[in-house]
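One structure is given below, encoded as C-alpha cells.
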Amino acid sequence: MSSPMAGVAAVNAIVFGVYGNVQRNNSDPDSLYSHFLAGTAAGLAQSFICSPMELVKTRLQLQDNLPKGALKFSGPMQCTRSIWRNEGFRGVFRGLGITAARDMPGFSSYFVSYEMMVRSVADPSPFTILMAGGLAGTISWLFTFPIDVVKSRLQADGMTGKPQYNGIKDCLRKSYAEEGLSFLSRGLASTLLRAFPMNAVCFLVVSYVMKFFDEPGVNLELNSVEPLLMVQQPAGAVKVTLNKRHHEIHDNHVLRIKHNTFRFLSFLGGFHEAVCCAEMDELAHDLHVNEEGGQYYTKLNEYLQTSDPEYCKRFPFLD
C-alpha cells in the first residue's frame, strides 16, 4: 500500500494540472474535443510516475507467491533499489509504453464522460458530482482494462527467473493460448468496485479544494460545492466553471465596485450633470475602463466603505 500512497498525490497533481492547463490553452476550450486532448496529454504525463510505481506495487503484491529461497522485499524502496541494480533504468521503467497506451485513452474517456454527464444537469449537486465521477472512472476502466491486464503481466514477468514474454504481442498470444479470451477481463469486477468510489470521491474533493482556493475564506458547505467543470455551459446549465472561475470572481468583484461607486457618487452628487440613469451607468463604466480613473474610484470606493481612521489617512486626496 505504501507504494501507491507515496505516488498518488503526485499522480493526481500531474493529471489535473496538465489536464487543466492543456484544456485552457486549446483554441476551443469549450469543446469536448479539447477535453479529449487534455485528458490524453494528462494520461501521457502521469504515466512516467505511474509506471514505476505500479511496477513496484505489482512485485510487492506477488512476492508471497515466490518459491522459498527467492529474494523478497521488505518495502518499496528496497524493491526499487533491487530492480535498479539488477535491471537498470529500463527495468525501473518496464511497462512504460503500455502504461501510456492504457492511460492516454483512459484519461481522455475519463474526463470527457464526466464532462458530458455534468453538463446534462442544470444545477449539479454534490451527489451528482459523486455519481458522475464514479461513473466516469467505471467507463474509463471498461475501455482500458484489457490493456491493464497485459501491462500487469509484463511487469510481473521475470520475478521467478527468466522472463516468459518477449513483448506485448507475445504476451497476448501466449495468454490467449493458455486461458482463452477471458484472460482480458480477469479481475475486472474488483477493479470496477474500487474505481467507482475512488473516482467519485476524487472529483468531489477536487471540487472542494478548487472552490477553497478560488474563494479564500469561503464557508465550504456541502450544498455549496460547485462541480469540476472546464467549460462555459449553455443557457440553462451550470454557469460557474472551473477554468473561468478566477475571471468570474474578478468580474463580479469589479461589478460590485462599479455598483458601489455608482451608488456612493450618486449620493455625493458626483453625477449632478447626468440627466438619466443610462448616462450615469455609462460614466461609471468609463471610470473603470480608464486605468487611472479606475484606480482612483476603486480607492474612493474602499474609502467610502471603511470606518477605520488609520485607513482613511491613506487618502489625502479626499481631504
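The values are calculated or read from the model by the stated rules, or taken from the named source; none is laboratory data. Keep in mind the model is a prediction, meaning the values are calculated, not measured. Here Cβ is always computed from backbone atoms with ideal geometry, including for glycine, and neighbour counts include all displayed protein chains. Calculation scope for accessible area: heavy atoms of the full protein, side chains included, ligands and nucleic acids excluded. Shrake-Rupley method; radii C 1.70, N 1.55, O 1.52, S 1.80 Å.
Worth a mention:
- Condition check for L71: part of a helix (DSSP H, G or I), at pLDDT below 90, open to solvent by 30 Å² or more (accessible area, probe 1.4 Å) and more than 26 Å from L204 (Cα to Cα): no
Per-residue answers, yes or no, for (1) open to solvent by less than 50 Å² (accessible area, probe 1.4 Å); (2) in contact with a Gly (Cβ under 8 Å, 6 or more places away or on another chain); (3) polar (S, T, N, Q); (4) assigned to a helix (DSSP H, G or I):
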site: V8; (1), (2), (3), (4): no, no, no, yes
site: V18; (1), (2), (3), (4): yes, no, no, yes
site: H35; (1), (2), (3), (4): yes, no, no, yes
site: Q46; (1), (2), (3), (4): yes, no, yes, yes
site: E54; (1), (2), (3), (4): yes, yes, no, yes
site: K57; (1), (2), (3), (4): no, no, no, yes
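- Against the criterion of being buried (at least 19 other Cβ atoms within 10 Å of the Cβ) and over 24 Å from the mean Cα position of the chain (by Cα), S140 does not qualify.
- Applying a threshold of 9 Å to beta carbon distances and a minimum spacing of six or more residues, or different chains, the list of pairs starting in segment 31-52 at a residue that is in contact (Cβ under 8 Å) with a residue 12 or more places away in the chain and ending at one that is outside any helix (DSSP H, G or I) and surrounded by 24 or more Cβ atoms within 10 Å (Cβ to Cβ) reads S51/G95; P52/G95.
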